[in-house]
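Written below as structure tokens is the structure these notes are about.
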């Protein structure tokens, strides 16, 4: 199934059947694992290897997978989200495209606080209309895919657009 509003270079959406939730999650995880499960299949980013946030695992699946398909502030209470599961094939495609020259993906950095109050540099990769983002946490010698999600609210898209433009203008200075 194709998202008609998405660029044609992105993979098709995964079909969701909430009545067959275990099978749906298994299919989504198989796609995630194909794209990120081994050093051989994981993309690189800016010359750095990509790791995975494995803990806390849930149902034998890495924390990175759950951050891609669920949302919420409390880790243990993050519900699965249809639009995230449908787009589980997009993060790798966007990461790979971000490395192309020229790229059809907007890329910038910002600094975020971690839960332990330490600062972390995050790479944001966005579609040109800011409708979908992939967030990578830069850990120095490697990066962790942190989250990936559709941006459905207009004010959040505008926030990402402003952040990108501010970053781009700062780079020119």
*State whether the residues of the stretch 26-34 include one that is within 16 Å of the chain's Cα centre (by Cα) and assigned to a loop (DSSP other than H, G, I, E, B).*
no
*In the stretch 35-82, what residues are part of a strand (DSSP E or B) and touching a strand residue (DSSP E or B) at 6+ places or on another chain (Cβ under 8 Å)?*
45, 48, 49, 50, 70, 80
*Which is touching a residue at least 24 places away in the same chain (Cβ under 8 Å) and within 15 Å of the chain's Cα centre (by Cα), of 139, 46, 87?*
87
*Could you say which residue among 167, 146 is touching a residue at least 24 places away in the same chain (Cβ under 8 Å), under 22 Å from residue 37 (Cβ atoms) and in contact with a strand residue (DSSP E or B) (Cβ under 7 Å, 6 or more places away or on another chain)?*
146
_From the list 131, 98, exactly one residue is in contact (Cβ under 8 Å) with a residue 40 or more places away in the chain, under 24 Å from residue 25 (Cα atoms) and within 17 Å of the chain's Cα centre (by Cα). Which is it?_
131
*Can you pull out the residues in the stretch 1-28 that are without any contact (Cβ under 8 Å) to a residue 40 or more places away in the chain and within 23 Å of residue 124 (Cα to Cα)?*
8
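Every number here is computed from the coordinates shown, using simple stated rules; none is lab data. Quantities reported herein were computed from a predicted structural model and do not represent experimental measurements. Every residue, glycine as well, gets a Cβ built from its backbone with ideal geometry; the counts of neighbours run over all protein chains shown.
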